[in-house]
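Beneath this line is the structure, given in structure tokens, with notes to follow.
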Amino acid sequence: VVSLLLKEYGKLRRGCGREELHAAKEQLKGGMLIGLESSDSRMMKLARDEIYYGRTVPLKEIVAGIDRVTLGQMKDTASEVLVPRNATLVAIGKVTKRNIPEALRRVIG
């Protein structure tokens, strides 16, 4: 799994196609709307909006922000955030340097 994740990090840092970005945006918007179906989740959104922004952020504004994301912005952000050296691995059990996956050992040195 670690090797696959690192490979995907690399793909995202190199960028993705328009169709893939469009599909990701649509999935994000759909998931957000489905996630706000319960009154509990709507109230939590309102509380977070108030805490973080000091106002209620309309869904139209959020959707417009998602729609404004460009391929270049996605690539720049992925290149900044998805750096393998900055990854954190959490493991349960007896973990030694010897049983850390080879793909991760190459990254952490």
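Any read-out appearing in this document is the output of simple, stated calculations on the displayed coordinates, not a laboratory observation. Just so it is clear, the model here is predicted, and its values are computed rather than measured. All Cβ positions, glycine included, derive from the backbone under ideal geometry; neighbour counts span all protein chains shown.
So the values come out like this:
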| item | result |
| --- | --- |
| In segment 11-80, lysine pairs with alpha-carbon atoms under 21 angstrom apart (chain gap of 8 or more, or interchain) | 9 |
| Nitroxide proxy distance, nm - points 7 Å out along Cα→Cβ at Glu19 and Ile66 | 2.1 |
| Helix-derived mean residue ellipticity, 222 nm - over the chain, DSSP H n ≥ 4, -39500 (n - 2.57), to 500 | -21000 deg cm²/dmol |
| Equivalent ellipsoid semi-axes - Cα gyration tensor, segment 1-63, angstrom | 31, 14, 13 |
| Estimated FRET transfer efficiency when R0 is 35 angstrom, pair Asp40-Val81 (beta carbons, to 0.05) | 0.70 |
| The chain - charge dipole about Cα centre, Lys and Arg +1 at Cβ, Asp and Glu -1, debye rounded to 20 | 640 |
| Mean projected area (nm²) of the alpha-carbon convex hull when the chain is viewed from all directions | 9.7 |
